[in-house]
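*Asks:* I'd like to ask you about the structure that follows.
What follows draws every value from the coordinates through simple rules; no lab data is involved. Here the structure is a predicted model, which is why all the values come from computation and not from measurement. Virtual Cβ from ideal backbone geometry, glycine too; neighbours counted across all protein chains shown.
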Amino acid sequence: MSVEVLTFGCRLNAYESQVMSDLAAGSTNTVIVNTCAVTAEAERQARQAIRKLARERPDANIVVTGCAVQINPAAWRNLPNVTRLLGNSDKLKPESWTPDAGSLVTDIQAARETSPHLVTEFSYRARAFVQVQQGCNHRCTFCIIPFGRGPNRSVPIGAIAEQARTLTLQGYQEIVLTGVDIASFGENLPGEPTLGQMIRRVLAAVPELPRLRLSSIDPAAIDDDLWRLIAEEPRLMPHLHLSLQAGSDIILKRMRRRHLTSDAFAVIEKARRLRPGIAIGADLIAGFPTETETAFNETLRFVQDAAVPYLHVFPYSERPGTPAARMPQVPKPVRKERAAILRAAGDAQAYAYLRSMIGTTISLLTETEVTGHSEHFAVTSLTAPVPSNRLVSAVVRDVRDTTLLAEAA
């Protein structure tokens, strides 16, 4: 293999890794490490992978890119066998992958647009990602990502529709719209179209597309058109993953989030009213600075009262240069303990949610002959093999941990 890509972090990174794989196709003996800066653990894993590569493949050219490089290139320059560094904008430019190209980390805050990249081949054939937006204009006190991704900027709707059409013709059954802050889509485009308006136009332009799914979304910015789509559009999957971060108002205020717990409850209740059975997910940070036992218990009660089945929980990780890193810190063992408690609560709620599906018929996108994801993004195992990359109806027979056991209808 001439080019190998190691990806850390989010779905947007996964999409961009495929873009780089295509751009670097002419390179030889090259490993691209696409880093993440959301947590210190993500950075540690990337550094560990680079050192392992240097030991096991001492002749390989290691190109390091991604958010961690964009934010602090000096921390990566002298790692063993690293031949080049590329910033987040620079990694997606064809000229960065010519044989004589060197390191380049330009000012991401100067970026004012994001170019669409046509990706027609992903490492798995059932589901594809389409980038619709890049960057973030908000400044949550815990988050370093705006410094790695730059300001909010959106891909034109026509380009999104064209990529969705191409991927559908290539045989993909589901497309996931991804970005840093997709709820802010369109703010820099002519006419300022909303996320919901964009989705409606893409679905109209690509009637052959069977399934469309959203990545994580800010609950403070769901527009009216998106609510109508959630209620009326069967091709938009019944799965809403919310960037909540906490269930305590005092912590949300210190995070500088744009919603309170009452707002989050209202979003969840509205989603369930408009689309009965919709799957709700949430990102949560455990042990945010100043989080008392009382504040933590408020978050725990929130996710239990709201019965959120899909929790994505992080122990808080200090990011140098952010306001939260200067606040009074919760001890790391306490953060880990609280994260474990939240994950256990999420597992219990996921089990109850999935148990409610027993006896129902689901629409399953098969990723292998015996596994896939339902329209609610529930991991599903089939009792007998069927062709992969297919949409099949299946009857849920049982639940094992957080996996549906189903029989193809």
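*Asks:* Just grab the label-to-label distance for Ala25 and Val379, each label 7 Å out from Cα along the Cβ direction, in nm (one decimal).
*Replies:* 3.3 nm
*Asks:* Let me ask something additional. Using just the helices of the chain, give the 222 nm mean residue ellipticity in deg cm²/dmol: DSSP H runs with n ≥ 4 each add -39,500 (n - 2.57), and the total is spread over all residues, rounded to 500.
*Replies:* That comes out to -10000 deg cm²/dmol.
*Asks:* Loop only per DSSP, at most 14 neighbouring Cβ atoms within 10 Å: give me the chymotrypsin sites (Phe, Trp or Tyr not before Pro) in region 224-329, ordered by residue number.
*Replies:* When the chymotrypsin sites (Phe, Trp or Tyr not before Pro) of region 224-329 are filtered for loop state and at most 14 Cβ neighbours within 10 Å, nothing remains.
*Asks:* For Thr98, put the label point 7 Å out on the Cα→Cβ axis and report which residues of region 7-35 keep their amide N under 17 Å from it.
*Replies:* Correct set: 23-28.
*Asks:* Sticking with the crude label model, points 7 Å out along Cα→Cβ, report the distance from Arg77 to Glu56 in nm, one decimal please.
*Replies:* 2.9 nm
*Asks:* Here is a follow-up. Once the other residues with Cβ under 11 Å from the Cβ of Val313 are scored (Lys, Arg +1; Asp, Glu -1), what is the net sum?
*Replies:* Overall, the nearby charge balance is +2.
*Asks:* Add +1 for every Lys or Arg and -1 for every Asp or Glu among the other residues with Cβ under 13 Å from the Cβ of Ser363, and state the total.
*Replies:* +2
*Asks:* Under 15 Å from the Cβ of Ile278, count the other residues' Cβ atoms, weight Lys and Arg +1, Asp and Glu -1, and hand me the total.
*Replies:* That sum, taken over residues with Cβ under 15 Å, equals +4.
*Asks:* What cysteines in the chain have no other cysteine with a beta carbon less than 4.7 Å from their beta carbon?
*Replies:* Cys10, Cys36, Cys67, Cys136
*Asks:* Taking 22 Å as R0, compute the FRET efficiency from the Cβ-Cβ separation of Ala307 and Glu337 and round it to 0.05.
*Replies:* With a Förster radius of 22 Å, E is 0.45.
*Asks:* On to the next question. Averaging over every viewing direction, what projected area does the convex hull of the Cα atoms of region 361-408 cover, in nm²?
*Replies:* 2.6 nm²
*Asks:* Go from 0 up to the bin containing the longest alpha carbon distance in region 9-166, width 5 Å each, and give me the % of pairs per bin.
*Replies:* Using 5 Å bins, I get a P(r) of 2, 9, 17, 21, 21, 16, 9, 4, 1, 0 for region 9-166.
*Asks:* Here's a follow-up. Taking 7 Å along the Cα-to-C-beta vector as the label spot, tell me the Asp263-Asp401 distance in nanometres, rounded to one decimal.
*Replies:* 3.6 nm
*Asks:* Restricting to lysine pairs 8 or more places apart or on different chains, what number in the chain have Cα atoms under 24 Å apart?
*Replies:* 4
*Asks:* How would you order 385-398, 239-252, 136-149, 199-212 from highest to lowest mean count of nearby Cβ atoms within 10 Å?
*Replies:* So the order, starting with the most tightly packed, is 239-252, 136-149, 199-212, 385-398.
*Asks:* Now, a different point. Using packing as a proxy for protection, rank 289-295, 276-282, 86-92 so that the peptide with the highest average count of other Cβ atoms within 10 Å comes first.
*Replies:* Final packing ranking: 86-92, 276-282, 289-295.
*Asks:* How high is the relative contact order of the chain? Use alpha-carbon pairs under 8 Å, at least six apart in sequence, and give a whole percent.
*Replies:* With pairs under 8 Å counted, the relative contact order is 10 percent.
*Asks:* Hey, could you pull the Cα Rg and Dmax for region 239-354, both in Å?
*Replies:* 14.0, 43
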